[in-house]
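Chemist: Sharing a structure below in structure tokens format, with a few things to ask.
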């Protein structure tokens, strides 16, 4: 079963729980409602499909089609995790070593998928997300901005990124290109 760690799920659940207007009532499953009514622990694993259902619901209500907001979530998440998950730091770290930490981090929060990193030039990398969730564009946008900030912190330079393949648009995998 595909799972997501509570560390990526708890802020989503907290956002839904804090809503008193009923906006999410028709957007999340009964199973999701039951799960988020409980405390989400950072160190526990939760069903990925419930996480996906909840994150898509929050995105639908909050962003209203504006992916810039979603990308900001990735930056905020990186800033939140930097002092805790990446305690030994990544600032100024050689990019190959930093990206090994990145791949370890992804495998710590999602128990599925492959994350392959290639380096076409000294100021560019390509990440292929294989056997991940093909149609979860919202998550890919969060991962994009998180990864861009991660690389930027490591190399100490402003980064740019683009998806060169998008699984949610029928590509086999999603491929993210980052350059600086």
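The values are calculated or read from the model by the stated rules, or taken from the named source; none is laboratory data. Quantities reported herein were computed from a predicted structural model and do not represent experimental measurements. Please note: Cβ atoms are built from the backbone with ideal geometry, for glycine as well, and neighbour counts cover all protein chains shown.
Chemist: Report yes if some residue within the stretch 80-96 is closer than 30 Å to residue 49 by Cβ, crowded, with 19+ Cβ neighbours inside 10 Å and touching a residue at least 24 places away in the same chain (Cβ under 8 Å); otherwise report no.
Modeler: Going through the stretch 80-96, the residues closer than 30 Å to residue 49 by Cβ turn out to be 80-82, 84-86.
Still in the running and crowded, with 19+ Cβ neighbours inside 10 Å: 86.
If we keep only those that are touching a residue at least 24 places away in the same chain (Cβ under 8 Å) as well, we get none.
No.
Chemist: Being farther than 18 Å from residue 133 by Cα, under 15 Å from the mean Cα position of the chain (by Cα) and outside the structural domain of residue 113 (by TED's automatic domain parsing) narrows it down to one of 10, 38, so name that one.
Modeler: Criteria check complete, one pass: 10.
Chemist: Hey, does the stretch 55-66 have a residue that's under 16 Å from residue 109 (Cα atoms), within 15 Å of the chain's Cα centre (by Cα) and not assigned by TED's automatic domain parsing to the domain that holds residue 133? Even if it seems obvious, please write down each step before you answer.
Modeler: We begin by selecting, within the stretch 55-66, every residue under 16 Å from residue 109 (Cα atoms); these are 55.
Of the ones still in play, those that are also within 15 Å of the chain's Cα centre (by Cα) are 55.
Next, from what is left, pick out any that are not assigned by TED's automatic domain parsing to the domain that holds residue 133: 55.
Yes: one or more hits.
Chemist: Tally up the residues in the stretch 149-165 that are surrounded by 16 or more Cβ atoms within 10 Å (Cβ to Cβ) and free of Cβ contacts under 8 Å to residues at least 60 places away in the same chain, please.
Modeler: So the count comes out to 6.
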